[in-house]
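I have placed the structure first, in the form of structure tokens, so that the comments after it can refer back to it.
The values are calculated or read from the model by the stated rules, or taken from the named source; none is laboratory data. Everything numeric in this text was worked out from a predicted model, so none of it was measured. As a convention, Cβ positions derive from the backbone with ideal geometry for all residues, glycine included, and neighbour counts pool all protein chains shown. With ligands, DNA and RNA removed, areas are computed over all heavy atoms of the protein, side chains included. Shrake-Rupley method; radii C 1.70, N 1.55, O 1.52, S 1.80 Å.
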Number of protein chains: 2
Amino acid sequence: MPVFAVIGHRARTDGHWSLNDMPGGAGRMDVLCRVVNTSFFLSHDLRRDVVCYLVLRGEPGPEKTIRFQGDRLRHLNPDERSAGSLIKKALELEAGPEFRESTKGVSVRVGGLVRLLGEHSFALLDEQGEDIRVAERLPDAFLLSDHLNLDEEELALVGDLPCFSVGPRSLHADHTITVLLNELDRRGP
Amino acid sequence: MPVFAVIGHRARTDGHWSLNDMPGGAGRMDVLCRVVNTSFFLSHDLRRDVVCYLVLRGEPGPEKTIRFQGDRLRHLNPDERSAGSLIKKALELEAGPEFRESTKGVSVRVGGLVRLLGEHSFALLDEQGEDIRVAERLPDAFLLSDHLNLDEEELALVGDLPCFSVGPRSLHADHTITVLLNELDRRGP
């Protein structure tokens, strides 16, 4: 069960943004939409064993976490607006401390990275890490950042996590997940 | 210089479609937008050595080919609407038999696969091909299909091309390109 979590540093925590302006007014929500796409889509199929968390740290706060569960997902199409629409619906739901489902397979709660780190044994995906192709064993859960680097507060939280790299070039979060899933596919269940 | 060409079987050949409905009215133009994203984007950089062709075979015709050249590209952002907007501008330009530039690094001509096959030594990316990780040498130019399989006419044209696979699962065209570029990155220039 691969688990991905991506930090959206400026991603809005309410639904007051337009699907036509996800890179701007929504705080680079387009990055998170592409992460959702690449976490789940196979050709004519979905990766039912994947769970993907989006940690939204932008305005107006407080932080929220949206969870996409492959085994329950419906209504997700590959285009950015489709994922964006499901994120928007999640953010329009009143969120509490426990996950509440907004659409099938998509749920939301208040809270961010601190709590999530206590729930999964994450590894960090970063250019400085061990190459995933040579690593003897790969973990089940991976943490990534959006277009911004981890800030000091986040680095203090994740500084001790194991660290893996997908190759010699620095890639976008969604492309990193694609390469990682290819390695996991090749290793088999 | 990696070259990618993707066939958009239903992608409209004029500009009469909305950036808000690329999967529907534009004939799955969203697939081609994601191919453009993954062909060029590195973290905070573009792959300047890549060329990406979109072969548009939808209504109203005739077929057109749009060329994105990494070494000249400007104005491309990672979100789907950004690539869509550049495609739309290219389709709004009157196209002739030779490439005409619509925006910096993006150009368009009338014509499709037959002509392109005469200009590059393409290999096909397909699940049945030789694994890119074990192939002794990889070609410079790769041909992919969008969400639809190649039709009989296309198969007759490409039947003799060498064929490569990126792994055990069948992936979307954009994800396939990401995995392939990772292999090329690892092999070096």
#### Entry: Residue list for segment B:164-182, restricted to those being surrounded by fewer than 16 Cβ atoms within 10 Å (Cβ to Cβ) and either polar (S, T, N, Q) or more than 18 Å from A:V179 (Cα to Cα) (or both)
B:S170
### Candidate set: segment A:131-189, residues that are within 17 Å of A:F40 (Cα to Cα) and assigned to a loop (DSSP other than H, G, I, E, B); chosen: the one farthest from the other protein chains (Cβ to nearest Cβ)
A:D140
### Message
Condition first: of a type in the set (D, E) and assigned to a helix (DSSP H, G or I). Can you find one or more residues in segment A:23-35 that meet it?
### Response
yes
### Query
Among B:L76, B:L86, B:L54, B:L125, which is the only one that is modelled with pLDDT under 95, crowded, with 17+ Cβ neighbours inside 10 Å and under 26 Å from A:V35 (Cβ atoms)?
B:L125
### Query
A:R187 passes all but one of (1) within 19 Å of B:H175 (Cβ to Cβ); (2) buried (at least 16 other Cβ atoms within 10 Å of the Cβ); which number fails?
(2)
### Task
Name the residue, out of A:L46, A:L42, that is modelled with pLDDT of 95 or more, out of contact with any helix residue (DSSP H, G or I) (no Cβ under 7 Å at 6 or more places or on another chain) and of a type outside the set (S, T, Y).
A:L42
### Query
Which of the residues that make up segment A:141-182 are closer than 24 Å to A:M22 by Cα and of a type in the set (G, A, S)?
A:S145, A:S170, A:A173
### Message
Only one of B:L125, B:L138, B:L73 is under 22 Å from B:T13 (Cα atoms) and of a type outside the set (D, E, K, R). Can you tell me which?
### Response
B:L73
### Task
Give the residue, chosen from A:V158, A:V134, that is open to solvent by 70 Å² or more (accessible area, probe 1.4 Å), more than 22 Å from A:C33 (Cα to Cα) and not aromatic (F, W, Y).
A:V134
### Task
Please name all residue pairs, on different chains or six or more residues apart, with Cβ atoms under 8 Å, provided the first residue is in segment A:161-189 and is among the aromatic types (F, W, Y) and the second residue is open to solvent by 10 Å² or more (accessible area, probe 1.4 Å).
A:F164/A:L124; A:F164/A:L125; A:F164/A:D126; A:F164/A:G129; A:F164/A:E130; A:F164/A:D131; A:F164/A:L138; A:F164/A:P139
### Query
Within the group A:L32, A:L19, A:L42, which residue is facing another protein chain (nearest Cβ under 10 Å) and open to solvent by less than 10 Å² (accessible area, probe 1.4 Å)?
A:L42
### Message
Can you confirm whether A:L93 is under 18 Å from the mean Cα position of the chain (by Cα) and on the phi < 0 side of the Ramachandran plot?
### Response
no
### Task
Could you please let me know if A:A11 is in contact with a helix residue (DSSP H, G or I) (Cβ under 7 Å, 6 or more places away or on another chain) and among the aliphatic types (A, V, I, L, M)?
yes
### Message
Here are the criteria: (1) farther than 25 Å from A:L73 by Cα; (2) surrounded by 13 or more Cβ atoms within 10 Å (Cβ to Cβ). Tell me which single one A:R115 does not satisfy.
### Response
(1)
## Note on the structure
Scanning segment A:115-150 for residues that are under 19 Å from A:L56 (Cβ atoms) and touching a Lys or Arg at 6+ places or on another chain (Cβ under 9 Å) gives A:R115, A:D146, A:H147, A:L148
### Of all residues in segment A:55-83 being in contact with a Phe, Trp or Tyr (Cβ under 7 Å, 6 or more places away or on another chain) and part of a loop (DSSP other than H, G, I, E, B), the one that is nearest to A:F41 (Cα to Cα)
A:P78
#### Entry: Of the criteria (1) on the phi < 0 side of the Ramachandran plot; (2) small (G, A, S); (3) over 17 Å from the mean Cα position of the chain (by Cα), which one A:G61 fails
(1)
